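Below is one structure, written out as C-alpha cells, with a few remarks after it.
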Amino acid sequence: MKLTRRSTLAALPLVAIIGATRARAAAQFTYKLATGQAPSHPVNVQAKAAAARILEATGGRLQIDVFPAAQLGTDAQLLSQVRLGGVQFINLASSVLATYVPDAGIVNIGFAFDGYDKVWQAMDGELGGFISKQISQKGLMTIGKSWNNGFREITSSEKPIHTPADLASFKIRVPNAPLLTSLFKALGAYPTPIDFSEVYTALQTHLVEGQENPLAIINSAKLYEVQKYCSLSSHVWDGYWILGNPAAFQALPADIQAIVLKEFTAAGLAERADTQALESSLQKDMAAKGLTFVDVDKSQFRAKLASAGFYADWKAKFGDETWGLLEQAVGKLA
C-alpha cells in the first residue's frame with residue numbers, strides 16, 4: 001500500500017493531528033513572564049492558568065513561560081529587564097513599582113483602605129486608570145487590571161506588636177519602597193530595605209527583628225518558621241500589576257493581543273478572590289505551625305501617623321490630583 005501524506009494524516013487520531021499542528025505554530029512567539037513569588041502563590045497559579053488558556057486560544061501561536069521565585073532576577077532587575085525587552089512580562093508590587101513610577105505608590109498610604117470594597121472601587125475606577133496612565137508614560141504598559149497583593153501585616157521574632165510604642169527602635173525589613181520606609185519611620189521603627197529573595201535569611205540570622213507582608217506571602221515564603229508573632233495591623237494594602245514591554249506586546253497580532261488582555265484580566269480577578277480567600281484560612285493554618293496572631297487597635301497607629309506628619313507630607317509629595325483621586329475613593333484622610 002502506498003502511503004501518502006493525506007493517507008497518513010487520515011490514519012492519525014484527531015488529537016495527534018491537532019497536537020502536531022499546535023507544535024508547529026508554537027514557535028511563532030515565545031514570551032517570558034517573571035515573578036518574585038513562590039510557585040504556590042496565587043499570582044503564579046493564576047499566571048500559569050492564563051498562559052495555558054492563551055496557548056489554547058491562540059492555537060499555539062503564543063507560548064508564555066512563567067518563571068516564579070525570582071528565578072530571572074530581583075524586583076529591580078526584572079523591572080530593568082522588562083523595560084529593555086529581555087523579559088516580556090513581569091509581576092510587580094505597587095510598593096516596588098513606586099520607585100520607578102511614584103504615583104503607583106499612592107495605594108500604599110497607611111490605613112487608607114478600610115476593606116476590599118474600597119480597594120476595588122478605587123483600582124477599577126478613576127484611581128486605577130490614572131495609575132495605569134502614569135505607568136504607560138514611563139515606557140511600560142499594564143496588562144489587564146490590578147491584581148491583589150493583600151493587606152500587609154507585621155511579623156516579629158521576639159515580642160508581639162500591639163501598639164506604635166512596641167515599634168520604637170524595632171528593626172523591620174521593608175521592600176525598597178520609600179512610602180513604606182516613611183511609614184515605619186513615622187511609627188518610630190528602624191525600617192531596613194532588603195530584597196524579598198533575602199528576607200528569610202535576614203530573619204533567620206536576626207539581621208532584622210521582623211518584616212511586613214500580606215499573609216499569602218508570609219505563608220508561601222514560610223516566614224512563620226523564623227517569626228513568632230503576627231500583628232494584624234493591615235497597615236497598607238498593596239496591589240500587583242502585570243507589566244508588559246510595549247514593543248513586545250505590539251509585535252503580537254491584534255487578535256493575540258486581545259486574547260492576552262482578556263485572559264490576564266480574568267486571571268487577575270481570580271487571583272484577587274484566591275488571595276482574599278486565603279487571608280481567611282491562613283491564620284488557622286499558620287497558627288497551627290506556631291505563629292501567634294495579635295489583634296491591634298488600628299486607630300492608635302493612624303493617630304501616630306497623623307501626629308508625625310505622615311499624611312501631610314505625602315499629600316504634598318503626591319500633589320492634589322493624585323491625593324484627590326485617593327480620597328475620592330476612600331474619604332478624607334487625617
Inset, instruction - Could you calculate the contour length gain from TYR200 to LYS332, that is, 0.36 nm times the residue separation minus the distance between their Cα atoms, to one decimal place in nm? - result: 43.8 nm
Legend entry - Vicinal HN-Hα couplings computed from phi for the stretch 295-303 (Karplus, 6.51 cos²θ - 1.76 cosθ + 1.60; Hz; Gly/Pro x): 7, 10, 8, 4, 5, 5, 5, 5, 5
Inset, instruction - Amide H neighbours of TYR31 under 5 Å, at least 5 residues apart or on other chains, H built in the peptide plane: list them. - result: GLN63, ILE64, ASP65
Inset, instruction - For every helix of n ≥ 4 consecutive DSSP H residues, a contribution of -39,500 (n - 2.57) applies; sum these over the chain, divide by its total residues, and give [θ] at 222 nm rounded to the nearest 500 deg cm²/dmol. - result: -14500 deg cm²/dmol
Inset, instruction - Would you please give the residues with an amide H less than 5 Å from that of ILE194, counting only those at least 5 places away or on a separate chain, with H modeled from the backbone geometry? - result: VAL174, ASN176
Inset, instruction - Read phi for every residue in the stretch 239-250 and hand back ³J(HN,Hα) as whole Hz from Karplus 6.51 cos²θ - 1.76 cosθ + 1.60, θ = phi - 60°, with x for Gly and Pro. - result: x, 10, 10, 7, 9, x, 7, x, 5, 5, 5, 5
Legend entry - Beta bridge orientation in the chain: antiparallel %, DSSP, nearest 5: 55
Legend entry - Relative contact order (%) - the chain, alpha-carbon pairs under 8 angstrom, separation at least six: 24
Inset, instruction - Could you list, in their original order, any pairs among LYS228/LYS315; LYS138/LYS262; LYS118/LYS315; LYS32/LYS118; LYS145/LYS171 whose Cα atoms are separated by more than 27 Å? - result: LYS228/LYS315; LYS32/LYS118; LYS145/LYS171
Inset, instruction - Quick one: which residues, 5+ away or cross-chain, put their amide H under 5 Å from the amide H of SER234? H built at 1.01 Å from N. - result: ILE154
Legend entry - Nearest-0.05 FRET efficiency for ALA49 and GLN77, computed from C-beta distance (R0 35 Å): 0.85
Inset, instruction - Any chance you could check the Cα centroid distance between the stretch 291-306 and the stretch 232-290 for me, in angstrom? - result: 27
Legend entry - Table column - 3J(HN,Hα) (Hz), the stretch 188-194, Karplus curve with 6.51, -1.76, 1.60, x for Gly and Pro: x, 8, 10, x, 10, x, 9
Legend entry - Per-pair calculated FRET efficiency, R0 = 25 Å: ALA316 and LYS159 via Cβ, rounded to 0.05: 0.15
Inset, instruction - Return the single residue from ALA316, ALA273, ALA34 with maximal mean-square fluctuation; model: Gaussian network over the chain, springs between Cα atoms under 10 Å. - result: ALA316
Legend entry - Computed FRET value (nearest 0.05) for GLN300 with ALA251, which takes r as the C-beta separation and R₀ as 56 Å: 0.60
Inset, instruction - Take the eigenvalues of the Cα gyration tensor for the stretch 13-330, scale each by 5, and report the square roots as semi-axes in whole Å, largest first. - result: 36, 22, 17
Legend entry - Local electrostatic count, PHE67, Cβ distance below 12 Å [Lys/Arg +1, Asp/Glu -1]: +1
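Since every read-out is calculated from the coordinates, none of them should be taken as a lab result. None of the values given here were measured: they were computed from a predicted structure. Don't worry about glycine lacking a Cβ; one is built from the backbone with ideal geometry, like all the others, and counts go over all protein chains shown.
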